[in-house]
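Notes follow once the structure below has been shown.
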Amino acid sequence: MKPLSGIRIADFTVHAAGPFFTHMLSQLGAECIKIESALRPDIFRKPHPVYGRNGPASFDQVASNKLSVRINLKHPDGVALAKRLVAASDVAAESFRPGVMNRLGLSYDELRKVKQDIVMVSVSSSGQSGPDSHFAGYAPLFGAWGGLGYLTGYADGPPVEMRHVMDHSVGLNAAMATIAALLQRRRTGEGTHVDVAAREVASAAIGEALLEAAAGGTPRRMGNGDLRMSPHGAFATRDPDRWLTIAVDDDRQWLAFAALIEQAGRTVDANFESASYRQTHQVLVDELVAGWAAQQDAEEAARLLQSHGIPAHVSWTTEDIAADPHLRARRTIIDVAEPDGRMRAAIGVPIRFSETSDVGIVRGTPRLGEDEDYVFGELLGIGAAERQRLADAQIIY
């Protein structure tokens with residue numbers, strides 16, 4: 001049995017951060033029912049050229065495992081139908097701008113009337129309260145507003161836009177908070193409203209920089225550098241677009257590395273034996289390492305450095321990851337069927353449980369309304385005639 005077997009989620013989330021959070025819980029066994037309509041489908045269902053394919057790639061990533069039903073939330077009867085689904089669920093998840101669920105008649109207070117111990121999870125840009133709560137936002141805004149974007153990039157370049165990694169970080173925080181809320185409910189019998197602010201997730205990731213600023217310092221972008229390790233970064237090799245990542249942690253590792261560089265016919269400044277000297281002269285160290293790496297085969301260089309106890313690896317492409325036998329063996333990379341029957345690679349849940357071997361993706365992307373026979377018929381007990389009436393009235397639409 002999966003860890004979250006028996007937990008049901010009424011999933012009102014859209015776009016990426018919210019759907020990724022419910023997707024993670026679905027891989028742990030929760031039954032996740034995605035609520036959309038033909039009038040307002042998740043915008044990520046729209047095909048767009050990304051990840052090397054012209055399809056709903058982003059939606060495919062976060063919708064696998066989920067069930068799909070159509071409910072027109074613009075109609076009072078649609079709201080009533082959504083409440084029936086919430087009443088049969090443990091979690092109600094949403095990622096609209098604050099106030100939208102309240103205007104729809106689906107606020108936490110309203111949902112508690114139909115399910116007293118419901119756990120409601122709201123994911124938004126700046127939270128459900130405060131002077132900035134009305135702002136909408138997407139991943140680049142979360143990272144920029146939270147300070148993570150400003151600290152990311154090269155010292156002589158602009159801040160770097162944070163995209164999917166920001167959505168996924170928000171989703172992981174929301175998933176963790178949901179499990180905590182469910183545990184609290186088990187202990188106390190009480191539900192709760194979980195408020196996840198995406199920009200605060202970004203700020204939580206820059207704790208050291210905030211401490212430095214509070215102490216009077218000025219945190220700055222430093223590219224791939226490190227405050228302690230040197231060399232530390234990604235270096236181009238002789239292979240086109242094949243980069244070697246190296247992180248020298250101490251003087252012992254540097255001496256081993258310096259010997260390899262000298263064997264390749266390059267002169268190494270003896271002063272580099274001191275970590276503090278290397279840190280002060282990072283530009284010179286990086287130039288030396290870059291010159292050595294530019295003559296190397298990426299894979300061979302990584303193996304050579306590793307054999308001498310130096311942390312190094314090729315910076316893998318997505319093609320490398322999808323074909324990796326190790327990840328395939330651990331079912332981190334699996335093949336799932338798309339709605340048209342074609343198979344595609346997908347990323348499974350990066351978690352293993354000693355007593356459970358079947359966590360992860362068990363089905364591909366659902367078609368809009370694909371699971372209404374089960375959800376409306378079996379789960380909610382709505383008969384065929386009533387379902388037809390709701391369809392004719394564009395409630396189920």
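The values are calculated or read from the model by the stated rules, or taken from the named source; none is laboratory data. From a predicted model like this one, the values you see are computed outputs, not experimental measurements. Positions of Cβ are backbone-derived with ideal geometry, glycine not excepted, and every protein chain shown enters the neighbour counts.
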note = In the range 82-110, residues that are more than 21 Å from Ala30 (Cβ to Cβ) and touching a residue at least 24 places away in the same chain (Cβ under 8 Å) total 6
ask   = What about Phe21, is it of a type in the set (Phe, Trp, Tyr), part of a helix (DSSP H, G or I) and either in contact with a Leu (Cβ under 9 Å, 6 or more places away or on another chain) or closer than 14 Å to Arg367 by Cβ (or both)?
value = yes
request  = Would you mind stating whether Asn173 is in a helix (DSSP H, G or I) and in contact with a strand residue (DSSP E or B) (Cβ under 9 Å, 6 or more places away or on another chain)?
outcome  = yes
request  = Would you be able to say whether some residue in the range 181-190 is more than 30 Å from Met101 (Cα to Cα), in contact (Cβ under 8 Å) with a residue 24 or more places away in the chain and either surrounded by fewer than 12 Cβ atoms within 10 Å (Cβ to Cβ) or outside the structural domain of Ala17 (by TED's automatic domain parsing) (or both)?
outcome  = no
inquiry  = Please verify whether Thr178 is more than 16 Å from the chain's Cα centre (by Cα) and either on the phi < 0 side of the Ramachandran plot or not assigned by TED's automatic domain parsing to the domain that holds Val114 (or both), treating the condition exactly as stated.
reply    = no
query = Quick check: anything in the range 307-328 assigned to a loop (DSSP other than H, G, I, E, B), modelled with pLDDT of 90 or more, among the polar types (S, T, N, Q) and surrounded by 14 or more Cβ atoms within 10 Å (Cβ to Cβ)?
reply = yes
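Quick one: which residue in Ala259, Ala205, Ala236 is free of Cβ contacts under 8 Å to residues at least 60 places away in the same chain, closer than 30 Å to Ala92 by Cβ and surrounded by 11 or more Cβ atoms within 10 Å (Cβ to Cβ)?
Answer to the check: Ala205.
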message = Exactly one of these conditions fails for Ala345: (1) assigned by TED's automatic domain parsing to the domain that holds Ala30; (2) touching a strand residue (DSSP E or B) at 6+ places or on another chain (Cβ under 7 Å); (3) outside any strand (DSSP E or B); (4) not charged (D, E, K, R). Give me its number.
response = (3)
key: Search result, residues across the range 262-283 that are free of Cβ contacts under 8 Å to residues at least 12 places away in the same chain and part of a helix (DSSP H, G or I)   = Glu262, Gln263, Ala270, Asn271, Ser276, Tyr277, Thr280, Val283
ask   = Which one of Gly381, Gly369 is assigned to a loop (DSSP other than H, G, I, E, B), surrounded by 13 or more Cβ atoms within 10 Å (Cβ to Cβ) and modelled with pLDDT of 85 or more?
value = Gly369
Members of the range 354-366 found to be assigned to a loop (DSSP other than H, G, I, E, B) and under 25 Å from Arg344 (Cα atoms), listed by number = Ser357, Asp358, Val359, Gly360, Ile361, Val362, Arg363, Gly364, Thr365, Pro366
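Please tell me if Ser107 is among the hydroxyl-bearing types (Ser, Thr, Tyr), under 17 Å from Gly171 (Cβ atoms) and surrounded by 15 or more Cβ atoms within 10 Å (Cβ to Cβ).
Spelling it out, it is not the case that Ser107 is among the hydroxyl-bearing types (Ser, Thr, Tyr), under 17 Å from Gly171 (Cβ atoms) and surrounded by 15 or more Cβ atoms within 10 Å (Cβ to Cβ).
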